[in-house]
Amino acid sequence: NKTLKEKTLLYNITLQINKGEFVGILGETGSGKSCIANAILGHFEHLNSYNKDNSYSYINGSISYASQLPFIINDTIKNNILFFNEENTERYQHVLTICQLTQDLETFPGRDFTEISSNGTNISGGQKARVSLARAVYNEADIYLFDDPLSSVDSIIASNIFNKVLLDFLKDKTKIIIKHDLTNLERMDKIIYVEEGKIKWIGNYKEFIESH
């Protein structure tokens, strides 16, 4: 069926991620990396005409997600981060620090009470990305899914965030990060390489270096 085929974005995906694992998903632009994120989030319908009983996704726990394109609402920076969650002042302040937002807030007259405009033009792209990331990190969840969240962030700031957020603050959590580069792969438990909507390779960093 041509219409059905045109809608198929991922093929024969079998993927198991264990509790507490840090997983990196790699692939060229358009390879299907973000599609895997959407599949994990339950945004896709499963199509399996051969064995319908084995076509399913099972997520054990809650998910906190930061998308590739930062989602910003016309509200204060603080409310963009809390996003209707109850405020835990200690956690909130710590998240501001590890997401490298503290110094940025000093440049705004209202600090975190500064209202972001409806089109987000009064903050930079890197600041939007960090506010979106801070929202995902502040939210207490079992699984943290990040779709290339630091692509618009300065490399030094991105490195600090990687160390303080992913390796320290969320060290005991299950983490999945979709990446566009090869940095920090050695810090991950599992690497998944995606090509043309299929998982082409899964292994650890040592295996990845040996095979590539």
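Odds and ends about this structure:
- Qualifying residue in region 157-166 (condition: closer than 21 Å to LEU82 by Cβ, open to solvent by 30 Å² or more (accessible area, probe 1.4 Å) and either without any contact (Cβ under 8 Å) to a residue 40 or more places away in the chain or out of contact with any strand residue (DSSP E or B) (no Cβ under 6 Å at 6 or more places or on another chain) (or both)): yes
- Of the criteria (1) within 22 Å of the chain's Cα centre (by Cα); (2) at pLDDT below 85; (3) part of a loop (DSSP other than H, G, I, E, B), which one GLY20 fails: (2)
- Within region 89-134, being of a type in the set (Gly, Ala, Ser) and either closer than 21 Å to SER152 by Cα or in contact with a Cys (Cβ under 8 Å, 6 or more places away or on another chain) (or both) holds for SER117, SER118, GLY120, SER124, GLY125, GLY126, ALA129, SER132, ALA134.
- When region 198-212 is filtered for residues that are in contact with a helix residue (DSSP H, G or I) (Cβ under 8 Å, 6 or more places away or on another chain) and hydroxyl-bearing (Ser, Thr, Tyr), only TYR205 remains.
- Subset of region 170-199 (residues that are more than 14 Å from the chain's Cα centre (by Cα), open to solvent by 60 Å² or more (accessible area, probe 1.4 Å) and either under 16 Å from THR29 (Cα atoms) or not β-branched (Val, Ile, Thr) (or both)): LYS171, ASP172, LEU182, GLU186, ARG187, ASP189, GLU195, GLU196, LYS198
- ILE143 vs. criteria touching a strand residue (DSSP E or B) at 6+ places or on another chain (Cβ under 9 Å), of a type in the set (Val, Ile, Thr) and open to solvent by 30 Å² or more (accessible area, probe 1.4 Å): no
- Of the residues making up region 62-102, those that are outside any helix (DSSP H, G or I), open to solvent by less than 40 Å² (accessible area, probe 1.4 Å) and under 26 Å from ASN38 (Cβ atoms) number 6.
- Matching option when the condition is among the aromatic types (Phe, Trp, Tyr), over 19 Å from ALA66 (Cβ atoms) and at pLDDT 90 or above, among PHE146, PHE162, PHE108: PHE108
- Pair list, Cβ under 9 Å, 6 or more apart: region 45-72 residue over 30 Å from SER152 (Cα atoms), other residue of a type in the set (D, E, K, R) and at pLDDT 70 or above: ASN60/LYS19; ASN60/ASP142
The values are calculated or read from the model by the stated rules, or taken from the named source; none is laboratory data. In this text the structure is predicted, and so the values were computed from the model without any measurement. Quick reminder, even Gly has a Cβ in these numbers, built from the backbone with ideal geometry, and neighbours come from all protein chains shown. Each accessible area value is taken on the protein alone, full model and side chains, heavy atoms only, with ligands, DNA and RNA left out. Shrake-Rupley method; radii C 1.70, N 1.55, O 1.52, S 1.80 Å.
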